[in-house]
Amino acid sequence: MILALRTETLTRRHCDYRAMQIPKSSRNYVTPKKVEVKKFTPKFWLNRPIYYGLSLSLASLLASCSYDDIPIGPASLNSRYTEEQPALSGNGSFLALVSNRNGNQQLLLYDLERKQFIRTPNLNQPETIAESPSLSYTGRYIAYITSDQGRPVIALYDRATQQSQTLTPIYRGWVRNPSISPNGRYIVFETTIRGHWDIEVLDRGPNIELDIPNGASGALPP
């Protein structure tokens, strides 16, 4: 009888325990919310198209600015950049000058009558100076100072052939301030070949094409 009583007591306790449990239907479950993870994109990556666009534009600009690029068409002789070392042709129609308007030092030729710059292909070269210009009568020949292996040399540009040639390739002294004769045959310049600054005259020879006015005789006076 005692065993039956204990069994009944345990059964009641078990029933009371089960009665205390909350039915599943009445439980208040908290449904976990889906957390949306926002992808963060740095502003740098958002601006990548603009960044690359600017880079390509700058590269195109640098590629297009070659040493033969000059302002063509009606243009002002002076700009907000440095313009220096002017040289006038014998007939007064052309002006040579050294300008920094294109971001690098260049020797430019300006037509005073048409008020525009003239193309001079192969005159300006990368990483090479071109300064101290001097013009013949019609501006066909341009004598100027350039560099050869770090030393200044005198060069001559022919607008007819669009080519330059060095006139003092193996000259031992330093040279400066060349000045060409109106007909283009003679070039006078300063030199240090004797240890101090002297004057020398270079004769290009009698067989060159002289720069003379139309209809004028090519014969030189005695």
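Look at PRO169 and say whether it is surrounded by fewer than 13 Cβ atoms within 10 Å (Cβ to Cβ) and not aliphatic (A, V, I, L, M). Yes. Annotation note: Cβ proximity below 6 Å between a residue of segment 183-203 that is closer than 28 Å to ASN214 by Cα and a residue that is small (Gly, Ala, Ser) (sequence gap 6+ or interchain) occurs for GLY184/SER136; ILE187/ALA143; VAL188/SER179. If only residues of segment 76-97 that are hydrophobic (A, V, I, L, M, F, W, C) and either within 13 Å of LEU135 (Cβ to Cβ) or out of contact with any Asp or Glu (no Cβ under 8 Å at 6 or more places or on another chain) (or both) are counted, the one that is surrounded by the most Cβ atoms within 10 Å (Cβ to Cβ) is ALA96. Among all residues of segment 128-147, there is at least one that is surrounded by fewer than 15 Cβ atoms within 10 Å (Cβ to Cβ) and either in contact with a His (Cβ under 6 Å, 6 or more places away or on another chain) or over 23 Å from ALA75 (Cβ atoms) (or both). The set of residues from segment 120-170 being charged (D, E, K, R) and at pLDDT 95 or above comprises GLU131, ARG140, ASP158, ARG159.
Here is a yes/no grid of residues against (1) among the polar types (S, T, N, Q); (2) at pLDDT 95 or above; (3) part of a loop (DSSP other than H, G, I, E, B):
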residue	(1), (2), (3)
ASN177	yes, yes, no
GLY184	no, yes, yes
PHE189	no, yes, no
ILE193	no, no, yes
GLU209	no, yes, yes
ILE212	no, no, yes
ALA216	no, no, yes
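Selection of segment 195-207 for residues being part of a loop (DSSP other than H, G, I, E, B) and in contact with a strand residue (DSSP E or B) (Cβ under 6 Å, 6 or more places away or on another chain) yields only TRP197.
The values are calculated or read from the model by the stated rules, or taken from the named source; none is laboratory data. Source: prediction; values computed, not measured. A quick note on method: Cβ atoms are made from the backbone with ideal geometry, for glycine too, and the neighbour counts reach across all protein chains shown.
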